[in-house]
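Computed from the coordinates by the stated procedures, all read-outs in this text should not be read as laboratory data. Note that the structure is predicted; figures quoted are calculated from it, not measured. All Cβ positions, glycine included, derive from the backbone under ideal geometry; neighbour counts span all protein chains shown.
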Amino acid sequence: MAFVSNEEINNIRANADIVSIIGSYLPLTQRGKNYVCVCPFHDDHSPSMSVSSEKQIYKCFACGATGNVFTFVSEYENVPFIEAVAIVANKCGMTLSEQTYKSNITQNFKEEYEIMQLAQKFFMNNLRTDVGQEALAYLKKRGINDEIIKEFGIGLSLDSNDSLYSLLRKKGYDEKRLNDLGLINLKDDKAFDMFTRRITFPLWDKDGNIVGFSARVYRNEKDVAKYMNSRESKIFKKGETLYNYHNAKDVAKREKQIIVVEGFMDAIRLSSVGIKNVVALQGTAMTQEQINLLKKLRVKVILCLDNDNAGLLATVNNGEELIKNNVLTYVIRINGEKDPDEYIIANGKEAFMQNLREPLKFFDFKMNYLKQNKDLNNLSDLTTYINDVIKDLASNNDPILRELTLAKLSEEYNVSLDILKSKLNDLNPVKIEKVVDKAPKEVIKKDSYIIGAEKIIYFMLNGEEYIREYQKKLGFFTDSLYREIANEIVYFFENNHQKITVADFITYVSTKDSIRDKVMEIVNESINDPIDLETMDEYIVAVLKQMTKNEIQRLKKLMKEELDVDKKMKLAIQIAELKKEEV
């Protein structure tokens, strides 16, 4: 297993200017020594986040988000820490770390991915042979050119005489593994290729590893299913993937939107005309895992599902789930053709682009949907429609949308605005008790010991002289959490060529669950404090006084409980000595 050392990670961070990295995601404005931007981690409408080039740290003064370049990328991209390291390394041109990352995430299924790669190469080579010319002509007739064939790894499975099974067995892979991956079928002690006489399309996971195949007939064959898909395996879970996600995600971030279609041929068609920010569900129902993949992009989602009743219902259901997950959702409904693939073939790219330039907000689409099969001149149908709209509004958190929608209903259908608001409030009552419950939790009082300990810890993160001052004049904390943090700081310092920065220590504790949150809290509260030894000494004195008081109280309690006179006397002497120190 490849291992990314702290030294390597710190080297990446040292070469990654946080201003440049955050600036690649968000527009930054210089303000004095620092830079400011709108915080992406809460609903921010004015620049609340400050980015320090000097300390290589960011902080939001509204929501409290704090960290270094890795924590920003991890939170913004919604990816694990090691993937954030790889992304930052890529942005700095340090490709070796990307390889290290890849070996980390793929090592559990290394052989499975190798098998899938071999299968794809085999299928792609078949398409270029003499027996592949018929399939190649079919693709060209469908408007799939050589560039798209290469981009999407399209290939061809042949008859059993030229089997993938034979190739993979010669490479030494056992039948059970090939069967588990869905590349072969085992029947009566015989093995057969899963796919024969079909055009093959590789399926990828979010990281671009081939995890399965979909295969389509290209001849007029009776009693044969048009499509055949890989069965699920240890590396392929259909509900956890989105077709073309690994290609589309970076384009989507640049375009600020991602288009979701049903079938992979729709995604291929859009890509063939230059619309690259597209993924396919390979079905109609969207899973929570797929929603999470879309959500991590932090862009608006445009649903463009098939032009049939199933596609319409799927648009409603998937849109509602996306909205529940706070994803900005829009809708395109194409007319005249079955799906985006056929629509572009029939009408061209520009016709589709016109739809793409004018998508409906999901709520507007839903209002139109609720009107279907209703006669709004009929009192009963109108009442049902208005109640349905209000029910939808009750689950929407946008106060402006609520206000405008109610005003529109009132004006269009001559219904009292007060009645509509009253109806909405009945469905969505204000829960005052929650506010009361939360109020006391907002104020957390800290005594002089806690304040001093946390300030001392922050000072220690800022250089050798502060660590030496702690070791010389304090040496330990009585509280186990602060003692653990201080020990980790000293350990990191001694094992990092006697160097330490706040940004590097944040990286170091990113995987240490027992102290990470407290370290981030300390950094967040102290990041703008002035740093000097005189101030640190004042905190050390305050902590020592409080530690002495606490020890006196502990000894007094022991003395009160002690029955042996000699032991009581010893405790009294200890207390007297400590009281001298208090003076």
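Once you sort the root eigenvalues of the Cα gyration tensor of the stretch 373-429 as a ≥ b ≥ c, which label holds: rounded (a/c under 1.5), prolate (a/b larger than b/c) or oblate (the other case)? Prolate is the answer for the stretch 373-429, as a/c is 1.5 or above and a/b outweighs b/c.
Of all stretches in the chain that contain no GluC sites (Glu not before Pro) in a DSSP loop with at most 12 other Cβ atoms within 10 Å, the longest one is 222-583.
By the count of other C-beta atoms within 10 Å, a proxy for reagent exposure, ARG231, ARG333 are ordered fewest to most as ARG231, ARG333. Working note: 222 nm ellipticity from helices only, DSSP H runs with n ≥ 4, each -39,500 (n - 2.57), summed and divided by the residues of the chain, gives -16500 deg cm²/dmol to the nearest 500. Here's the list of lysines a cross-link from LYS33 could span, going by alpha-carbon distance under 19 Å and ignoring same-chain residues fewer than 8 apart: LYS55, LYS59.
So in the stretch 245-366, what percent of DSSP beta bridges are antiparallel if you round to the nearest 5? Expressed as a percentage, antiparallel bridges in the stretch 245-366 total about 15.
A straight Cα-to-Cα reach below 14 Å connects LYS171 with the aspartates and glutamates GLU111, GLU112, GLU114, residues fewer than 8 places away in its own chain not being considered. Can you give the translational diffusion coefficient of the stretch 314-365 in µm²/s, computed by Stokes-Einstein from the Kirkwood radius over Cα pairs at 25 °C and 0.890 mPa s? Stokes-Einstein gives a translational diffusion coefficient of 205 µm²/s.
Sequentially through the stretch 150-157, phi angles give Karplus couplings (6.51, -1.76, 1.60; θ = phi - 60°) of 5, 4, 9, x, 6, x, 8, 8 Hz, Gly and Pro residues having no value and appearing as x.
For the chain, the percent of C-alpha pairs falling in each 10 Å distance bin, counted from 0 to the bin holding the largest distance, reads 3, 13, 18, 19, 17, 14, 9, 5, 2, 1, 0. The convex hull built on the alpha-carbon positions of the stretch 109-236 has an orientation-averaged projected area of 8.3 nm². Ordering ASP479, ASP504 from the fewest to the most neighbouring beta carbons within 10 Å gives ASP479, ASP504. Each part gets one Cα centre, and for the stretch 367-403 versus the stretch 1-61 those centres are 44 Å apart.
Does the stretch 251-312 classify as rounded, prolate or oblate by the C-alpha gyration tensor (a ≥ b ≥ c root eigenvalues; a/c under 1.5 gives rounded; else a/b over b/c gives prolate, otherwise oblate)? Judged from the Cα gyration tensor, the stretch 251-312 comes out oblate (a/c at least 1.5, b/c at or above a/b). Ignoring lysines fewer than eight residues from LYS446 along the same chain, the ones with Cα atoms less than 18 angstrom from its Cα are LYS455, LYS518, LYS545, LYS549.
Residues TYR491, TYR482 in ascending order of nearby Cβ atoms (within 10 Å, fewest first): TYR491, TYR482.
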